[in-house]
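The values are calculated or read from the model by the stated rules, or taken from the named source; none is laboratory data. Because the structure is a prediction, the values reported are computed rather than measured. All Cβ positions, glycine included, derive from the backbone under ideal geometry; neighbour counts span all protein chains shown.
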Amino acid sequence: MVVSDVFADAPETLALKAELAVELRPLSLGDVLRAQARGAQVLDTRSPGEFAAGHLADSTHIPLGAGFADWAETLLPPECPVVLVAAPGSEEEAAARLHDAGFNRVIGFLAGGIDAVGRLLVPVRHPARISSELLRRRLARGPLTLIDVRPEAEWRRDGIPGSINIPLQHLRERIAEVPDGPVVVYCQTGERSSIAASLLEHTGRMNVVTLVGGLASWRVH
């Protein structure tokens, strides 16, 4: 999906796109890191797999999917400027959807995407990812902390036995409830669990694993 698909050609849309074209600046890696040091939040909008393969430290991950604007509004402080790390070509769509959610301080995007990091910086490779088949094998050997970040009603209906429910929207305020040691986080499809892993990373937790494909994959394996 591109911006034109979302907004068609309404006059207000054309004005917004023109405004974004002026304000949404390509930033060098140095620019991004300096903005982050001054308090900007780095928002990575790529897929869970791409985020896990390498991202900038202290990034918040919200994939550019159907719930993108809602999760941004729920989890990001609106007063902080935003710097985007996105799949090349999707920057304007992300900025436009943030604008609709009330984020008017998107100051730019990492030019060239994560590939721009090159040899200048070692990306953070986190969270680890586990398939349903491997998780079942691991659980057969003994207990493991599982965190379900879906709403409580969904967890009660079909959560993995022994899991703990902490809905994503309450994770920050309930972070102390996440036990020490390795943790597997899961949701329905794998997107919310990746968001949760990025929030846990902000607290220094680097022992977080996400379930690839979430419960949708778990049910068919």
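Below are the figures for this structure:
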| read-out | value |
| --- | --- |
| The stretch 193-221, residues that are surrounded by fewer than 16 Cβ atoms within 10 Å (Cβ to Cβ), at pLDDT 95 or above and assigned to a loop (DSSP other than H, G, I, E, B) | T203, G204, M206, N207 |
| Answer residue from the stretch 36-61, given it is in contact with a strand residue (DSSP E or B) (Cβ under 9 Å, 6 or more places away or on another chain) and of a type in the set (A, V, I, L, M) and is farthest from A196 (Cα to Cα) among those | A40 |
| Sole residue being more than 23 Å from M206 (Cα to Cα), at pLDDT 95 or above and part of a helix (DSSP H, G or I), chosen from A72, A87, A94, A52 | A94 |
| Long-range neighbours under 6 Å by Cβ, at least six apart or interchain, first residue over 20 Å from A35 (Cβ atoms) and assigned by TED's automatic domain parsing to the domain that holds F68 within the stretch 90-105, second of a type in the set (F, W, Y) and at pLDDT 95 or above | R97/F68 |
| Any hit, the stretch 107-125, residues being over 12 Å from the mean Cα position of the chain (by Cα) and aromatic (F, W, Y) | yes |
| Any hit, the stretch 183-192, residues being outside any loop (DSSP other than H, G, I, E, B) and more than 22 Å from D158 (Cβ to Cβ) | no |
| Qualifying residues in the stretch 39-96 (those that are closer than 24 Å to H170 by Cα and of a type in the set (D, E, K, R)) - the one surrounded by the fewest Cβ atoms within 10 Å (Cβ to Cβ) | E79 |
| Any hit, the stretch 104-112, residues being outside any loop (DSSP other than H, G, I, E, B) and within 22 Å of T210 (Cβ to Cβ) | no |
| Flag for L139 being surrounded by 12 or more Cβ atoms within 10 Å (Cβ to Cβ), aliphatic (A, V, I, L, M) and either farther than 25 Å from A53 by Cβ or in contact with a Cys (Cβ under 8 Å, 6 or more places away or on another chain) (or both) | yes |
| S163 being farther than 18 Å from G49 by Cβ, in contact (Cβ under 8 Å) with a residue 12 or more places away in the chain, in contact with a Leu (Cβ under 7 Å, 6 or more places away or on another chain) and outside the structural domain of S90 (by TED's automatic domain parsing) | yes |
| Yes/no for E152 being at pLDDT 95 or above, of a type in the set (D, E, K, R) and not assigned by TED's automatic domain parsing to the domain that holds G67 | yes |
| Of the criteria (1) over 30 Å from E23 (Cβ atoms); (2) among the small types (G, A, S); (3) free of Cβ contacts under 8 Å to residues at least 40 places away in the same chain, which one S131 fails | (3) |
| Number of positions in the stretch 61-78 that are touching a residue at least 24 places away in the same chain (Cβ under 8 Å) and more than 12 Å from the chain's Cα centre (by Cα) | 5 |
